[in-house]
Amino acid sequence: MRIIPAFAAPLALTLSCAFVSGAFAQGSGTPVTAASPDGSIVVSVSVDTDGRPTYTLTRKGKLLVGASSLGFIVADGPTMVRGNRITGSETASGQQTWEQPWGERRFVNDNHNDLLVKFEQVPEWGSRRMNVRFRLFNDGFGLRYELPEQPTMKTMKIADELTEFALTQNGTAWWIPGGEWNRYEQVYQKSAIDGVSTAHTPITMKLEDGTHLAIHEAALVDYSAMWLKRVTGTTFRSTLSPSPNGPKVVRDLPFKTPWRTIRIADSAKGLVENDLELNLNEPNKLGDVSWFKPMKYIGIWWGMIRGDWSWAEGPKHGATTARTRQYIDFAAKNGFGGVLVEGWDKGWNGNWFGNGKEFSYTQATPDFDLEAVTKYAAKKGVQLIGHHETGGNIANYEAQLEDAMKLYDKLGVRAVKTGYVADAGGILAPGDTPDTYRMEYHDGQRQVQHHLKVVETAARYHIAINAHEPVKDTGLRRTYPNWIDREGARGMEYNAWGQFANGPDHEPTLVYTRMLSGPMDYTPGILSLEGANKVPLASTLAKQLGLYLALYSPIQMAADFIENLEAHPKELAFIKQVPADWAESHLIAGEVGDYAIFARKDRNSEDWYVGGVNDATARSLSLTLEFLDPSKTYTATIWKDGEGATYETDARHRIAYQTLTLKKGDVLPAWLAPGGGLAVRLHPAK
Ligand code: NOJ
Ligand code: CA
């Protein structure tokens, strides 16, 4: 017999009762189970001898996730972990194909089975009820808590969520640490799974038996982001991003938590060609969003990142009317849809890094004529890409949000890049004014609420949002398609600040980690292969082109100075042609952290594109063109690493060009240099 000790809860509530071992398991009978549509993935749900809700996951008959408990620590009552019994369960299933307005693929298949299990704590533990919905796909799994209305809890104050993932095998993990000062802008670590500490999601793993997993979340709305904490061996537990106000999440009942998700596949390809989180989000709430069109853009930006120009007013000011006209001319001439201009507004002259109370979102600096440049852009068929840096002061931004969006709408701006630069977020807490400053994490409940407020407000003005220093993507672009993009990882900009700052492994790792969460505005296209003080990039020239195929974004930048783009006419020709919207995307060769070659079909033509990025190991690939239309032959224009190219020396600039005639089933040999890449356009021959 086991005695459950009385717990010290803030409420005047003591436990006098002892629970008999096995009582809960007996009370709820045999485990409740459900399987994925093809039967390969099976979840089994029960309560353990202490009444903890527990699930296991098997795949192809093998235990993948061992007994893992579920529940919460609440700030003002007994924990919602022990003392549960199962009071009922329901099953359901769903099958549909839905269409994305833009994306890596036009059509997404959703085929799943659901199991809803209802838990209720015995009176001694507070009689609280929680339902857990499990959803099984052939290539993944999700679970979420659904908290129903109930007499003993009107508002739930979550001190932490205790969702476990007890992996049954060790293996390799690719991850970045959760809760660090630099948000998500970290170099990925590769370690044994049992060497992970606390990680952001998605975290990608390759188990000893070769199974590939990515643990993440979907539909993060009005809740704090989940970090994964390794508790022992290969067992992980959720821990939520903290809040300065005590509980990590405060919600009135009823509500549903985000989904906790695991993509499951035999290969890296199966992880990448997987729409689990999108399928776990609500359908488009905005209706027609054709006012935004996927595009490529340039910007008055890299010059500030390198330090040649400044965001602040003065002799080096980047955002001048004259320079913006020059960039608009270049965009118009070369078919770029937009020009991003940072530092156009008042507020940059002080310590804007983490002190954003100075920012105005409606007043331009004297040397930047906002009306004139937007008019000029419209005349040339180009859009200004708006910019709102907040310095993390979201109270100041929210106070001006409506006016800011109204102004941009009036001027025909259809996309805005936002920014939240500040250590660890530096976000203001509710109730604070623009003059006060209190630490909030960039991925806590308050900031999650803020982002959605910005996205919903922008949507009313037909404006799309591309957030820098954001909260991670959890598939919300399905529900709010105008949340087109985020940076939200270590982007190209780091290469301006140090030699090989993003090492050769970085982008081939992003493909299988950060990119699983959604599009990224990586800002590729540094054709000079140079940052500030001529520091070289860990990239060949061909890799800069391969990035457009490796890292999906509906708004793809050509980030270099326009003079440097112009100095590379053949590479610029590729950037001009490559689409930012795809009918289909397939990973045709690749391994996590090593290399990634995609085949993607243009959404607006019959063209296919093949290419991607490599790490530091040179490799020779044979790419089978299985995906091409059998009734067509294609002219292949190829940009590839030149002989002897390597990121390590000046040979990084060596590129070779080739034109071939190819058809379905042909094999295209490809040599990838150390730090190299590849870009191929396949256009149906006449
Ligand atoms: C910091 C970001 O890293 C950079 O890309 C951006 O230009 C500045 N903030 C200003 O928003
Ligand atoms: Ca590698």
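The values are calculated or read from the model by the stated rules, or taken from the named source; none is laboratory data. All of these numbers come straight from a predicted model, not from anything done at the bench. Every residue, glycine among them, receives a Cβ derived from its backbone with ideal geometry; neighbour counts consider all protein chains shown. Please note that ligands, DNA and RNA were not included when accessible areas were found on the heavy atoms of the full protein model with its side chains. Shrake-Rupley method; radii C 1.70, N 1.55, O 1.52, S 1.80 Å.
Between THR198 and ALA618, the modelled labels are 4.5 nm apart [label points 7 Å from Cα along Cα→Cβ]. About its Cα centre, the dipole of the chain is roughly 760 debye, where the only charges are +1 on Lys and Arg Cβ and -1 on Asp and Glu Cβ. For LYS632 and TYR657, the FRET efficiency from 1/(1 + (r/R0)^6), where r spans their Cβ atoms and R0 equals 22 Å, is about 0.45. Summarising the amide proton neighbourhood of ALA319: residues at separation of 5 or more, or on other chains, whose placed amide H is nearer than 5 Å comprise an empty set. The apolar share of the surface of the chain, taken as the fraction of accessible area on carbon and sulfur atoms (1.4 Å probe, ligands and nucleic acids excluded), comes to 49 percent. With all protein chains kept in place, the per residue accessible area of the range 3-279 amounts to 36 square angstrom at a probe of 1.4 angstrom. Expressed in Å, the radius of gyration and Dmax of the Cα atoms of the range 636-686 are 12.5, 41. Please compute the modelled spin-label separation between ASP222 and GLU566, points set 7 Å along Cα→Cβ, answer in nm with one decimal. Placing both labels 7 Å beyond Cα along the Cβ direction yields 5.3 nm.
What the Cβ-Cβ distance of SER127 and ASP38 gives, at R0 = 41 Å and to the nearest 0.05, is a FRET efficiency of 0.55.
When the chymotrypsin sites (Phe, Trp or Tyr not before Pro) in the range 429-533 are filtered for DSSP coil states and for at most 15 other beta-carbon atoms within 10 Å of their beta-carbon, the remaining sites are TRP497. Per residue, the range 575-686 exposes 40 Å² of solvent-accessible protein surface, assessed with a 1.4 angstrom probe and all protein chains in place. Given the pairs LYS380/LYS576; LYS62/LYS206; LYS296/LYS410; LYS229/LYS256; LYS296/LYS601, which are separated by over 19 angstrom at their Cα positions? Over 19 Å apart, Cα to Cα: LYS296/LYS410; LYS229/LYS256.
With a simple spin-label model that places each label point 7 Å from the Cα along the Cα-to-Cβ direction, the separation between GLU146 and SER360 comes to 5.1 nm.
In order along the range 316-332, the phi-based Karplus estimate (6.51 cos²θ - 1.76 cosθ + 1.60, θ = phi - 60°) of 3J(HN,Hα) comes to 9, 3, x, 7, 9, 4, 4, 5, 5, 4, 4, 5, 5, 4, 5, 4, 4 Hz; Gly and Pro are listed as x. Counting only the backbone N, which residues of the range 187-228 are under 16 Å from the spot 7 Å out from the Cα of ASN245 toward its beta-carbon? Label zone hits: 221-225.
For the range 3-279, a crude dipole built from +1 on the beta carbon of Lys and Arg and -1 on the beta carbon of Asp and Glu, taken about the Cα centre, is about 280 debye to the nearest 20.
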